[in-house]
Every structure is written in C-alpha cells, then in structure tokens.
Amino acid sequence: MGRADPEEGQLPAPVKPPDGGWGWIVLLGCFVITGFSYAFPKAVSVYFKELMKDFHVGYSDTAWISSIMLAMLYGTGPVCSIMVNQFGCRPVMLIGGLLASSGMILASFTTNIIELYLTAGVLTGLGMALNFQPSLIMLGTYFDKRRPLANGLAAAGSPVFLSSLSPLGQVLLEKFGWRGGFLIMGGLLLNCCTCGAVMRPLDMGMKRKMEKAQDKYEAKEMLPIGGKSEEGISTIDGTKKAKKSKKKPRKGKKLLDFSIFSNRGFIIYTISKFILVLGLFVPPILLVNYAKDTGVPDTEAAFLLSIIGFIDIFARPACGMVAGLKWVRPHVAYLFSFAMLFNGLTDICSARASNYTGLVIFCVFFGISYGMVGALQFEVLMAIVGSQKFSSAIGLVLLIEAFAVLIGPPSAGRLVDALKNYEVIFYLAGSEVVLSALFLAMATYCCLNRGKEKEPPPEENPSAGGGSDTEEAESDVQEAEEHSSDNHQPAHSTDNAMVAASEEANHVAEEQSGEGGSCPEGDGEVLARDGCNTDQMVQRDSF
C-alpha cells in the first residue's frame, strides 16, 4: 500500500525527514545564510581605511565593528533559541533579515564610530545571529540520512562568500565610497529574508490526518462492508478520544531546555569546543603579518588567505560525504577528533616555516583540516542531542564559544606584542587544538562507549513487538474492551472493535520487526474480509 488519497481508505506513508525534495531549497538557503554569517564580519574590513580617515580613529577602533558582529553572532545564541522555540524558525529568520539589512543601511548615514558600533555592529550582528541558528535547525529537520553531506554543503557557504564579498566590497568602495558600499551591502542582506521565507516547516498536521486515515483503512480491511464497518470506526474513534482524555495535560514547550546538561556527550562536546576555539582562529588571523615579517611581499602574503579559502570550499562538502558513509557515521565524533588533531598538528609543524613555499604548504593542509572541522562541528552536535533539543543546544554552545572567541585571538595578539615572536603563538594555538582533539576522543571512548557496554541489555518481549507504537496499540485493545463494556454495546460491536484494534497492533508490530506471515490459527478467529483465506485471519487473543 503506497501513498494514496486517505478518502479512498488507503494507508499513506509515515511522515519523516524527506532527505531531498524541498530540503534542497532549504539547503540552498542555509548555504547563503552561513556565507553571510561567517564571511560578512571579515568582508567589511575592506572599508576600515576609509573609516579611519573619515572618523579620525585608529585601526583597533574600526576592528571593533567586526568583533561586535562576531560577539553578537555567538553571544546571542540562547536568545535565538528562546525565540525559535517560541515563534518558530521562519518568523525569526524574517525578522533577522530585516534587522541585518536595516543595520547596514542605517550605518551608511552615521557620523561617528559609536553609531557604527550600534548599527553595523549590534544591529547587523543580531540580525545575522537570528538567521544563522534557525537555518541550521531547519537543515536538521529536513535531512536525516544525508545530513552529514547537507551540513558539509551548507558550511561551504563561508569560504565561497568570503572569496566573493571581499572583492565586491573593494569594487563598491572604489565606485561609491564606503557609504554607498554599506547601503548596497544592506540591500544584499535582504536576501536573508528570502532564505527565511523558503524555510517551510514540515507539515506536522499530516500526522493527525494519517492516523485518521489509518483507522478507517484498518476498519474497512477487518470489518464487513455496511453498517458494522461504520460502527467499528466510530468505536475506534471513541477509544482514541477516551485515551486522550485520560492523558495528563501537556506542558508548554520549554523556551530553553537546560536538561541537555545532563547529557554527558553534550558536556564533553562543549568542553572540547571551548578549548578548540581558543586556538582555532589564531593562525589565519596572524598569518598575513607572520608572512610579512618573514620577508614575503604584501600581495603574496594576502594571497595565502585565498589559498586557504579555495581549499576550504572543496574540503567541507568532501568531508560531509565521508561522514555520511554507513561505516563512518556511527563514529563521527572520532572523525571530528581526527580533524581537530590534523589542524593542531598543522599549526605546530608550520611554526618554523621560514619561506613562502613552506607557508603555501601550511595553507593547503590548514585549509583541508579547517574545512573538515567546519563541516563536522554541527553534525556531531546534532548526533549527540538529537533534532528535538538541537535548538537549545546550539544556543548554549555558541554562548560558551563566545567567551573563547573573546579570550583566544586577543590574548594571542598581546603575546605577539610582548614577545615579538610568532613561532610561540603557533605552538600555543596548535597545542590547544590538539588538546581539544585528544579530550574529545578519550572522553567519548571512556565515558560514553564504556558506559554503554556496562549497561545491561533491555529484556525483549516477543509479544510486544519491541516498540512504543506496539505498546500503544496494545493499550488501545484494553481500552476498547473497557469502552465497550462501559457503554453496554452489543457483542458483535465489541468483537469488531477488538478485531480492528488487534489488527492495528499486529500491523505496527509487523512493520517494526520486519517479519511477515499469517497469524496463528485458534479459537476466536474471524475473517478479515468476506472471501479472505486463512492467511489473512487474525486471532483476537494474540495480545
């Protein structure tokens, strides 16, 4: 029985992540949002020299614009989680797109650096944060089997947009000045609203429609055609309503679920990610100045970042494909540990690079490892907490990462000023990344895998079918008996309700166990339809 019109009594397929279809449009929107979120704070740096001239400020003053954007992107994670849990992903993303665009448009009319902090920094940064987190949540909703690949493709938006927005910003600066460039950039950010509009939530209402169609289908399969069929359907509907009335009142959804801190895997991931961020962003920030100090010309030094970005574009989708393999996906946490270890060792080995060739080799390996880390970081988090708690988990993780972002790169800059030696900084950053990799791998093996081995296996109950849906079907059988006896219905009506509910339980159990075959023969058997053979018989007392 495939998908069909429920009105015809055929059973539709269950709702599940489509792993395609409209999900590819959602993936495209997530690609654009990720590109804007990570690349935009770096791309606005092309305007800093003009801002320094107009506002008579130093480089450190203008650099605070990008820092405030990143701080808003990471630090407002819990706020985004609360808004998504309260209003949903699409409305939050639409509001975020308007805020991001209005921030850059208002920034084009500012007259001092403080106003730039409030508009381009706070307002635009908050808008991008309200887009970035919901887009990842929607991506996890639409993809399950292909989720690692989807995360890798979405993460590739960061290097693609970085290599596009920086040259575009330079062209806009030369033709329209920094005010005109900010105004046009604000218009480009309106595309975030378009991306938010395509984030169509999966139709959860289909579940209720399919449950109703399933009841009708099973009743028509089991009961004779005529008045008894309608009577059986009404009996099943009555038992469903009686069951719902006995359930406890449903509690409201938590705005921010702190129960994820009871998940040991989440704690391990959070600690590891905090240590990782302390050193992950230091090498690319200091790379250009490090190359200049070794005697590399300015143009060739700037080209090193382009090499990292180009390699990163291909590394992220490729790593996503590898993570999606059947024999790799159950161990994706170890693949993430390997990616971090690879990145840390690259930093350590390149610390003594003294010529341009050595720096190019470093950029190639750093681009590969950096792309692997970017493709796997959110996939591992989704695998640990699941899609239901991911909205709260990512908000709390980003908040914790915000502290690491504010500690790591500034501390590295102060050490450079004090020691006048980049080699020590690369050793330190690489050691932090290696430490995070070793901690994640060892903690995952010792605390999680061994904990699972010590847990006793659950007792199997052959009659239950091994699933919660079957237990629910069994309770429907018992409640059908109670409902029928309480209302003093005729015997044939009770028998019909019992048969229909039992067939529902058998149908669910057969789907979960994957075993077919006919039901055992015995007393109390009834025909599923007029003219059906014995292979289609059902025993009422099987439960």
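The values are calculated or read from the model by the stated rules, or taken from the named source; none is laboratory data. Keep in mind the model is a prediction, meaning the values are calculated, not measured. Backbone-built Cβ (ideal geometry, glycine too); neighbour counts: all protein chains shown. To get the accessible areas, we keep the full protein, side chains included, count just its heavy atoms, and leave off ligands, DNA and RNA. Shrake-Rupley method; radii C 1.70, N 1.55, O 1.52, S 1.80 Å.
Here is how the numbers come out for the structure above:
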| read-out | value |
| --- | --- |
| Cα shape, the range 58-101, gyration tensor, a/c 1.5 rule | oblate |
| Nearest-10 value in Å² for the accessible area of Lys145, using the 1.4 Å probe | 150 |
| Rounded if a/c under 1.5, otherwise prolate or oblate - the range 49-127, Cα gyration tensor axes | prolate |
| Trypsin sites (Lys or Arg not before Pro) lying in DSSP loop within the range 269-352, provided at most 16 other Cβ fall within 10 Å | Lys326, Arg352 |
| Area accessible to solvent at Thr294, 1.4 Å probe radius, in Å² | 50 |
| Cα gyration tensor, the range 16-204 - rounded (a/c under 1.5), prolate or oblate | prolate |
| The range 16-204, accessible area per residue, ligands and nucleic acids excluded (1.4 Å, Å²) | 39 |
| Cross-link table Lys16/Lys145; Lys53/Lys175; Lys42/Lys389; Lys145/Lys273; Lys175/Lys292; Lys292/Lys420, entries beyond 19 Å C-alpha to C-alpha | Lys42/Lys389; Lys145/Lys273; Lys175/Lys292 |
| Restricting the range 78-186 to chymotrypsin sites (Phe, Trp or Tyr not before Pro) in coil, as DSSP defines it, with at most 11 other Cβ within 10 Å | Phe109 |
| Accessible area expressed per residue, the range 278-360, with surrounding protein chains retained (probe 1.4 Å, Å²) | 49 |
| Lys/Arg +1, Asp/Glu -1 at C-beta; the range 259-451 dipole; positive extreme among Leu415, Leu286, Ser369 | Ser369 |
